[in-house]
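Working notes for the structure below.
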Amino acid sequence: MGALGESEFGGLFNSPLEAGIRAVVVLEHLRPQALDLAEMVLFDHVVVHTADLGGPPSLHPDVPGRKGELLVRRRLVEASLQLMQRCHLVDQESADEGIIYRASDEAAAYVELLETDYSVQMKTCARWVAEQVRIHGKAQFKRLVREHIGDWTEAFQTGAP
């Protein structure tokens, strides 16, 4: 069997479905915390590239220019969150700080069912991210990430393409 790619998996690689499953896994490991869209984009990047921050082996290969992924990841993550809401695995809420996302009550059972090698590694990476957030706090963890990958905030402006 060849490398994982769109031709073998009907476009699942880097699709809203793949990113949505990552979102559910990340949110479930962060429970009861919630994340806004910009944080979801950042945490999706981090969970895929944990080794860049001294975590477990990365979920995806270390490709040159991976820091630039943040610039195109917003729409993918947004679509993935909408898909996971339709599947009742992610809840969207209004809060003082804006729209936030959290794992639904059904998410834990779903995440437990994920058993492929990729899913097990994804859960390991998400668990590591959640541990870092608990150790450092969300704001400090985001600062640490920013130190490693540069300033990513311009990718999340409301009018960003």
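Values quoted throughout were computed directly from the atomic coordinates according to the rules given, and no laboratory measurement underlies them. From a predicted model like this one, the values you see are computed outputs, not experimental measurements. Here Cβ is always computed from backbone atoms with ideal geometry, including for glycine, and neighbour counts include all displayed protein chains.
So what are the radius of gyration and Dmax for the Cα set of the stretch 9-152, in Å?
Using the Cα atoms of the stretch 9-152, the pair Rg, Dmax is 14.0, 40 Å.
For residue 130, what charge total do you get from the other residues with a beta carbon under 11 Å from its beta carbon, if Lys and Arg give +1 and Asp and Glu give -1? Let's see the in-between values first.
On the way: positive: 31, 123, 127, 134, 138; negative: 28, 131.
In short, +3.
Grab the beta carbon distance between residue 85 and residue 36, set R0 = 22 Å, and tell me the FRET efficiency rounded to 0.05.
0.90
Taking the highest mean first, how do the peptides 23-30, 140-147 order by number of other beta carbon atoms within 10 angstrom per residue?
Ranking the peptides 23-30, 140-147 by packing returns 23-30, 140-147.
Spin-label point model (7 Å from Cα, Cβ direction): what's the residue 106 to residue 93 distance in nm?
In this crude spin-label approximation the distance works out to 1.9 nm.
Sequence gap at least 6, Cα distance under 8 Å: using those rules, report the relative contact order of the stretch 9-152 to the nearest whole percent.
Relative contact order, the stretch 9-152: 34 percent.
Would you tally the net charge around residue 39, using a Cβ to Cβ cut-off of less than 11 Å, leaving residue 39 out, and scoring K and R as +1, D and E as -1? Mind showing how you got there, number by number?
Working: positive: 138, 142; negative: 36, 44, 97.
Result for the local shell: -1.
Mind checking the dipole of the stretch 9-152: about its Cα centre, +1 per Lys or Arg Cβ, -1 per Asp or Glu Cβ, Debye to the nearest 20?
Here the stretch 9-152 has a charge dipole of around 320 debye.
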